[in-house]
Amino acid sequence: QVQLVESGGGLVQAGGSLRLSCAASGSIFDANILAWYRQAPGKQRELVASIGSGGRTNYADSVKGRFTVSRDNAKNTVTLEMNSLKPEDTAVYYCFADYGRRYWGQGTQVTVSS
């Protein structure tokens with residue numbers, strides 16, 4: 001069983017930056033995929049960014065060039081750097097890990113004011 005705990009959400013003005021972190025209770029070295037998803041009110045949960053075990057990254061078109069996902073296997077953390085934030089980035093952001101079994105964090109709220 002792996003627990004994922006997100007931190008770093010909050011309220012920021014449009015154009016600002018936030019850094020989300022996800023701490024895993026187990027080694028992320030064994031995770032096939034680590035990712036960040038988000039869910040806005042009334043919308044389906046969507047993939048924001050993912051990073052594979054080899055470091056290959058993938059981003060939603062809406063965040064390309066603004067967000068950066070990274071992993072630190074030594075610290076068992078996954079980070080999402082978010083820059084040039086827009087009001088439409090407002091959502092609950094969830095950390096996700098695929099070890100063969102899938103795990104989700106509890107989510108952290110990100111609110112971007114215009």
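For the chain, the relative contact order works out to 37 percent when only alpha carbon pairs closer than 8 Å and six or more residues apart are counted. Cross-link reach is defined here as a Cα-Cα straight distance under 27 Å, omitting same-chain residues fewer than 8 places apart; for LYS43 the lysines meeting it are LYS64, LYS86. Taking amide hydrogens as placed 1.01 Å from N in the peptide plane, the amide H of ILE33 sits under 5 Å from those of ASP98, each at least 5 positions away in sequence or on another chain.
Here the accessible area of segment 15-94 is 46 percent carbon and sulfur, with a 1.4 angstrom probe and all protein chains present.
Solvent-accessible surface of protein heavy atoms, probed at 1.4 angstrom with all chains present, puts ASP72, ASP61, ASP30, ASP98 in the order ASP61, ASP30, ASP72, ASP98, largest first.
Of all beta bridges that DSSP places with both ends in the chain, some 90 percent have antiparallel geometry. Amide H to amide H distances under 5 Å link LYS86 with GLY15, where only residues 5 or more positions off or on other chains count and H is placed in the peptide plane. For segment 103-114, the Karplus equation 6.51 cos²θ - 1.76 cosθ + 1.60, evaluated at θ = phi - 60°, returns couplings of 10, 10, x, 7, x, 9, 7, 10, 10, 10, 8, 8 Hz by residue, with Gly and Pro reported as x.
Residues of segment 83-114 with amide nitrogen under 18 Å from the 7 Å Cα-to-Cβ point of GLN39? Output list for this probe position: 89-98, 102-111.
A simple spin-label model places pseudo-atoms 7 Å from Cα toward Cβ; at THR68 and SER25 they are separated by 3.2 nm. Let's test the formula: R0 of 22 Å, r as the Cβ-Cβ distance of ARG101 and SER7. What FRET efficiency results, to the nearest 0.05? It comes to 0.45.
Centre-to-centre, using Cα atoms only, segment 41-105 and segment 17-37 are separated by 8 Å. Among PHE96, PHE29, the order of accessible area from largest down is PHE29, PHE96, computed with a 1.4 Å probe on protein heavy atoms.
Accessible surface ranking for ARG38, ARG102, ARG45, ARG19, 1.4 angstrom probe, highest first: ARG102, ARG19, ARG45, ARG38. Surface exposure of the chain, expressed per residue as accessible area with a 1.4 Å probe, stands at 53 Å². Taking only alpha carbon atoms, the chain gives an Rg to Rh ratio of 0.95, where Rh is the Kirkwood radius.
The values are calculated or read from the model by the stated rules, or taken from the named source; none is laboratory data. Note that the structure is predicted; figures quoted are calculated from it, not measured. Positions of Cβ are backbone-derived with ideal geometry, glycine not excepted, and every protein chain shown enters the neighbour counts. Quick note on the areas: whole protein, heavy atoms, side chains included, nothing else; ligands and nucleic acids left out. Shrake-Rupley method; radii C 1.70, N 1.55, O 1.52, S 1.80 Å.
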